[in-house]
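The values are calculated or read from the model by the stated rules, or taken from the named source; none is laboratory data. Here the structure is a predicted model, which means the values were calculated and not measured. All Cβ positions, glycine included, derive from the backbone under ideal geometry; neighbour counts span all protein chains shown.
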Amino acid sequence: MKFRDIRLENFKCYGDADLRLDEGVTVIHGVNGSGKSSLLEACFFALYGSKALDDRTLDDVVTNGADDAEIELAFDHGGESFRIERRIRISGDRAQTAKCVLETPEETIEGARAVRGHVADLLRMDAEAFVNCAYVRQGEVNKLIHASPSDRQDMIDDLLQLGKLEEYRERASEARLAVKDVLSELRGNVDEIDDQIEAKEEKGLHDRLNELESARNEVAGEIERIEGQLETARETKQDAESVLDEFEEKRDEIDDLAEDIDELEATIRETEAERDRLQDRLATKRERRDDLREQRDELLANAQDAGDLGADASASSTGSDDLVEAVEDTVDDLREEDEQLRDDLEALNVEIQEYASDAENARERADELESTAAEKREEADDLDADLDDDEATLAERREKLDAIDDEIEAAKDRFEDAPVEFGDAEAHREELREEKDDLEDELADVRAELQTARSKVEEAEELLAEGKCPECGQPVEDSPHVDTLDDDKARVEELDAEREALEADLETVEDDIETATDLVEAEREADQFRENRDSVEQLIDEREATLEDKRERVERLREEAAEHEADAEAKREEAADAEAQADERREQIAEINAERGDLRERRERLESLADALDDLDGVEADIEDLREKRAAKADLNDERRERLSEKKERKRKLEAEFDADRVEEARSEKQRAETYVEQAESELEELREDRDDLIDRIGGVRNELDELESLRERREQLAERRDALESLYDEAEQLQQTYGDLRAELRQHNVETLERMLNETFDLVYQNDSYSHIELDGEYELTVYQKDGEALAPEQLSGGERALFNLSLRCAIYRLLAEGIDGAAPMPPLILDEPTVFLDSGHVSQLVELVGSMRDLGVEQIVVVSHDQELVGAADAVVHVRKDPTTNRSTVERGEAPSLLAE
């Protein structure tokens, strides 16, 4: 699988972005917070929708202040092209999916759930499997190593579809338990049926059935006897009723005959009137026939004059089947000829469209080639201008190196008359600060002692001035305060001199500290100049390294531009040829359209003649039909007159046969028969009730016998099903064990393959003599072994080694899925989001080798989000992401990068 392009509108920090992604290694580059990871999240969201959002909601994908967001992802999979379009709309207080469509080569799928399911089937992985296999998201580089062995086992088993085997094993277990439950219930049913069979066999059902059938036969014989006598009475009654009915029928028939005679006479009169109306219609049709014959002759003459028909189609044969067939055949021929011309027109139109399409495609391709050539020339010119700038920059940076060296020497010159050497200024300043602190403490003590001494002298002088003690009134000349006055004054002078000396020393030390601070600043400036010098030297080295690559790139771009311009000219010639061919077909279409116009006029003339012939045939058929109808009605009236005569004769005979005495005798016999029938039917009803009761009881016994037989058959069926379920229980138990064993075997095979691939990948990118190999046990527990044999958990590796180890593990899992167990399988792009977070510069170089090795192993597309310059330099293509600080919107721009991975 490969991403082709991603288009965003109001997605997170993107207002409007459209990015094409090619094969090889693409690095998405930009400062932190510019929106690099959002591009990958958009691809992930396009595939799986809300399942790609973790704990976030659809509201989080819509740019602040916007009402909706659109994401469109085009990708190739299995040699076919697909496109997903999603639109998220803010409705009320929440966002919801307004549109989700997946276009496949065979169909269009709509709906978020249906699209997500189809993508999961297509890639053979859901959203969780996608991030566990192909998408190393930011901050999750150590996800697998931090996972517990059981979680790691579940992740990898799910990726390798081993979870299905566990699901099948659980299903087999559930089936086994279900069979056990059914089997237990079935065994209970068999025991219950055995009890029912035993209870019915104890009733003696066959003996009871024989007794009831004998009683039923006796009642049936009595019923048969009475029914015979009843039948005789009914026959007598029926004969009497027949006589009465016969005479009643005769009376009714006489009445009916009188009514029929009246109706026939009226019908005969109406039919004669109808024959008169048919005669009028027949005259009208004959006039219409004469008019149509004139119209036919005129149309036939016009057709012959125009050459539409041969000269043998004369008016004398008009109306004949031969003329109609000749006209129809000619119309059919003209229609077929017109259809052939129409087919030729359609073919020419298709060719015109094809030539026009070829011309348009050629022109578009020429435009693309010319645009590409212009871009490459522009890029070559830009690079050429950059070369001059780079060379000027190199000269400036070399001059800057000399200036920095002068600055460093100037800083060192400031130590020529200094009391310390260059590099010791900080320590010297600290010593001076300690000396200052000591002087300040000592000066404070002297000042306190001087204050005390001065107070003592002042007190003694005040006492001497008074002459006596103000408290006791005694003379003070010989008091202790006055006796030590001279010594105290001398101490004041001594302390005052010491204070002045300490203040002078403190001032000197402060001056020295200031001088030392200047020296420390000189050292700091020198160190800063050295760092600047190292940076400038590195920039010079990098600039010199890229100068030659840019020169080669300029030459290659100009060669490619010339090739594209030549190809564009060839495409324009192809377009001109295609246009000429299209013009030729247009001229042929004009000729065919003129020919079709002539055919249409001829066909219209012949169709008018055919319509006239059809109308004439119809009118003549109507005339013949009217003649036949009029003759038929005459025949009908003749038949009605015969029937009228017969009915009148029948009415006279019936009136002569009517006998009143015979009718009265028949009524008496009917009354006697009805009385006997009433008595016999009452007795029969009682006997039939007895018979029905016996039949019901016999039916009940027979039902019980049938139930007994059914129970025996049911018991046999249940016993057979019980035996089958016991066998099925054993098979389910064996199937459960088989799935478990198969999962264990496949897991061991996968573990061995994954361990081999992990060691190959880790050895390839981490060439360190400290480690010998990595082991992966059946529970997916990882162990790293040092050369001395000591085992280490991956958590004991350094941060960079651990991150690289995890990337190697993820790549090994990707390889295992891509190569498959039985052959190669299509995989999505390998996506690494900020994989260098925990890597130093050395480990970044190894990551570059890891990415290169995955590309060499056949990974068609690798997308890396990083701001690391080494990864940027190693890419086949670079996508620059920038955010406008004023609008807070991000934009993307593609750029080509020389690939170090190809070297």
Next item on the list: Pick out the one residue from L636, L616, L626, L644 that is crowded, with 16+ Cβ neighbours inside 10 Å, within 30 Å of E274 (Cα to Cα) and at pLDDT 80 or above.
Entry: L626
Margin query: Scan the stretch 38-47 and tell me whether some residue there is in contact with an Asp or Glu (Cβ under 8 Å, 6 or more places away or on another chain) and touching a residue at least 60 places away in the same chain (Cβ under 8 Å).
Written below: yes
Check: In the stretch 342-395, which residues are in contact (Cβ under 8 Å) with a residue 40 or more places away in the chain, among the β-branched types (V, I, T) and closer than 30 Å to A576 by Cβ?
Finding: I352, T372
Checklist line | Residue check, L718 over 15 Å from D191 (Cα atoms) and crowded, with 16+ Cβ neighbours inside 10 Å | finding: no
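Okay, residues lined up against (1) assigned to a helix (DSSP H, G or I); (2) within 30 Å of A612 (Cβ to Cβ); (3) modelled with pLDDT of 80 or more:
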{"position": "E222", "(1), (2), (3)": "yes, no, no"}
{"position": "E227", "(1), (2), (3)": "yes, no, no"}
{"position": "N302", "(1), (2), (3)": "yes, yes, no"}
{"position": "L309", "(1), (2), (3)": "no, yes, no"}
Margin query: Go through the stretch 533-558 and report how many residues are surrounded by fewer than 16 Cβ atoms within 10 Å (Cβ to Cβ), in contact (Cβ under 8 Å) with a residue 24 or more places away in the chain and over 53 Å from the mean Cα position of the chain (by Cα).
Written below: 1
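Residue-wise test of (1) farther than 11 Å from G49 by Cβ; (2) loosely packed, with under 15 Cβ neighbours inside 10 Å.
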{"position": "G92", "(1), (2)": "yes, yes"}
{"position": "V101", "(1), (2)": "yes, no"}
{"position": "P105", "(1), (2)": "yes, yes"}
{"position": "E110", "(1), (2)": "yes, yes"}
{"position": "R113", "(1), (2)": "no, yes"}
{"position": "G117", "(1), (2)": "no, yes"}
{"position": "D121", "(1), (2)": "yes, yes"}
Next item on the list: State all residues of the stretch 106-147 that are β-branched (V, I, T), part of a helix (DSSP H, G or I) and modelled with pLDDT of 90 or more; if no residue qualifies, say none.
Entry: V115, V119
Next item on the list: Pick out the one residue from E565, E569 that is modelled with pLDDT of 85 or more and exposed (fewer than 14 other Cβ atoms within 10 Å of the Cβ).
Entry: E569
Check: Among the residues of the stretch 675-685 satisfying the criterion of being loosely packed, with under 11 Cβ neighbours inside 10 Å and of a type outside the set (S, T, Y), which is nearest to R225 (Cα to Cα)?
Finding: E685
Next item on the list: Return a yes/no flag: does the stretch 580-597 have any residue that is among the small types (G, A, S), assigned to a helix (DSSP H, G or I) and either in contact (Cβ under 8 Å) with a residue 24 or more places away in the chain or touching a helix residue (DSSP H, G or I) at 6+ places or on another chain (Cβ under 9 Å) (or both).
Entry: yes
Margin query: With the structure loaded, tell me whether A266 is aliphatic (A, V, I, L, M) and closer than 19 Å to N637 by Cα or whether it fails that test.
Written below: yes
Note to self: Given the options E416, E407, E396, name the one that is loosely packed, with under 13 Cβ neighbours inside 10 Å and either in a helix (DSSP H, G or I) or among the polar types (S, T, N, Q) (or both).
What the structure shows: E396
Checklist line | Residues of the stretch 243-292 classified as at pLDDT below 80, of a type outside the set (D, E, K, R) and exposed (fewer than 13 other Cβ atoms within 10 Å of the Cβ), total | finding: 0
Next item on the list: Determine whether the stretch 736-757 contains at least one residue that is of a type outside the set (V, I, T), in contact with a Ser or Thr (Cβ under 6 Å, 6 or more places away or on another chain) and part of a helix (DSSP H, G or I).
Entry: yes
Item checked: Residues of the stretch 780-810 satisfying the condition of being assigned to a helix (DSSP H, G or I) and crowded, with 17+ Cβ neighbours inside 10 Å -> P794, G800, E801, R802, A803, L804, F805, N806, L807, S808, L809, R810
Margin query: Can you tell me which of (1) under 30 Å from E222 (Cβ atoms); (2) surrounded by 14 or more Cβ atoms within 10 Å (Cβ to Cβ) is the one R672 doesn't meet?
Written below: (2)
Margin query: Checking the structure you have, find out if any residue of the stretch 19-27 is under 20 Å from the mean Cα position of the chain (by Cα), surrounded by 17 or more Cβ atoms within 10 Å (Cβ to Cβ) and among the hydrophobic types (A, V, I, L, M, F, W, C).
Written below: no
Notebook entry, point to check: Taking E462 and the conditions (1) at pLDDT below 85; (2) in contact with a helix residue (DSSP H, G or I) (Cβ under 7 Å, 6 or more places away or on another chain), which numbered condition does it fall short on, given that it satisfies the others?
Noted result: (2)
Next item on the list: Quickly run through the stretch 713-733 and pick out the residues that are basic (K, R) and either modelled with pLDDT of 80 or more or within 15 Å of S173 (Cα to Cα) (or both).
Entry: R714
Next item on the list: Evaluate the following for S772: is it touching a Phe, Trp or Tyr at 6+ places or on another chain (Cβ under 8 Å), at pLDDT 75 or above and surrounded by fewer than 16 Cβ atoms within 10 Å (Cβ to Cβ)?
Entry: yes
